[in-house]
Amino acid sequence: MKKVLLMNHKIKVVVVDDHEALRKGLCLLLSQYPSIDVVAEASNGEHAYEVIGLSAPDVIVMDLNMPGMGGLEALGHIMARWPFLKVVVFSMHEEAAFVIKSIAAGAYGYVTKSDDTDELFQAIRSAAFGQRYISHSVAPKVAIHALADEQNTLTSLSPREFEIFRMLAEGNSVEKIASLLKLSPKTIANHQTILKQKLGVKSSLELIRMAIKFEIING
């Protein structure tokens with residue numbers, strides 16, 4: 001059943017980030033807003049899936065870069081299980097591609113870690129009441145990229161494929177990615193092959209060039 005919030009309702013928030021110091025600091029900062037109640041925290045996607053069922057939050061504040069189940073993949077699982085739950089992505093990535101993939105996966109908001117805490121508060125409040133919010137620092141980039149047909153290539157990638165695409169483009173080996181994502185090297189190699197087919201590239205160098213073109217990594 002869809003959850004309807006009253007205007008004077010305290011927004012129950014769960015914070016998900018694998019960096020403990022940052023997560024604790026963010027929980028403390030958000031707790032200073034009278035209308036927010038931080039009810040739980042989680043260190044990764046799997047842990048988030050557990051605590052959501054126990055804490056019944058209104059909004060999840062989630063990082064994208066996490067070990068094991070990455071943020072985008074975790075977002076997909078959360079949306080499948082709790083379709084009316086609102087998720088605000090809080091990420092270091094300021095490139096439009098990450099915003100577009102997050103919104104496509106079901107996020108209601110996107111704020112970067114270089115943005116003001118007040119922007120995150122606005123995103124949480126907007127999401128809680130069913131309104132999408134993209135921070136002022138990335139909104140213009142998203143508007144520009146939304147007009148480009150080439151973004152259709154990115155939307156064809158699953159959250160897991162997008163995450164592996166980014167990690168390969170950053171120069172990580174198949175073995176390192178397998179270790180970080182807790183998957184087998186064979187699985188990562190298979191993803192790499194599928195990625196090249198979907199993106200229409202034949203070499204790792206071409207894959208990196210495409211990542212630069214989409215502003216997933218800096219050239």
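When Lys10, Lys2, Lys24 are checked against the criterion of being touching a Phe, Trp or Tyr at 6+ places or on another chain (Cβ under 8 Å) and either at pLDDT 95 or above or basic (Lys, Arg) (or both), Lys2 stands alone in meeting it.
Within the stretch 69-85, if we keep just the residues that are farther than 17 Å from Leu181 by Cα and part of a helix (DSSP H, G or I), the residue that is least open to solvent (accessible area, probe 1.4 Å) turns out to be Ile78.
If only residues of the stretch 191-219 that are among the polar types (S, T, N, Q) and over 22 Å from Met66 (Cβ atoms) are counted, the one that is modelled with the highest pLDDT is Thr193. Could you list, in sequence order, all residues of the stretch 62-77 that are modelled with pLDDT of 90 or more and either among the aliphatic types (A, V, I, L, M) or more than 8 Å from the chain's Cα centre (by Cα) (or both)? Matches in the stretch 62-77: Met62 only. Scanning the stretch 58-68 turns up no residue that is open to solvent by 20 Å² or more (accessible area, probe 1.4 Å), among the charged types (D, E, K, R) and either without any contact (Cβ under 8 Å) to a residue 40 or more places away in the chain or in contact with a Leu (Cβ under 8 Å, 6 or more places away or on another chain) (or both). Within the stretch 192-199, does at least one residue satisfy the condition of being exposed (fewer than 13 other Cβ atoms within 10 Å of the Cβ), more than 20 Å from Lys101 (Cα to Cα) and either out of contact with any strand residue (DSSP E or B) (no Cβ under 8 Å at 6 or more places or on another chain) or not acidic (Asp, Glu) (or both)? Yes, some residue in the stretch 192-199 is exposed (fewer than 13 other Cβ atoms within 10 Å of the Cβ), more than 20 Å from Lys101 (Cα to Cα) and either out of contact with any strand residue (DSSP E or B) (no Cβ under 8 Å at 6 or more places or on another chain) or not acidic (Asp, Glu) (or both).
The values are calculated or read from the model by the stated rules, or taken from the named source; none is laboratory data. Predicted model, so just to flag it, every value in this text is computed and none were measured. Backbone-built Cβ (ideal geometry, glycine too); neighbour counts: all protein chains shown. Please note that ligands, DNA and RNA were not included when accessible areas were found on the heavy atoms of the full protein model with its side chains. Shrake-Rupley method; radii C 1.70, N 1.55, O 1.52, S 1.80 Å.
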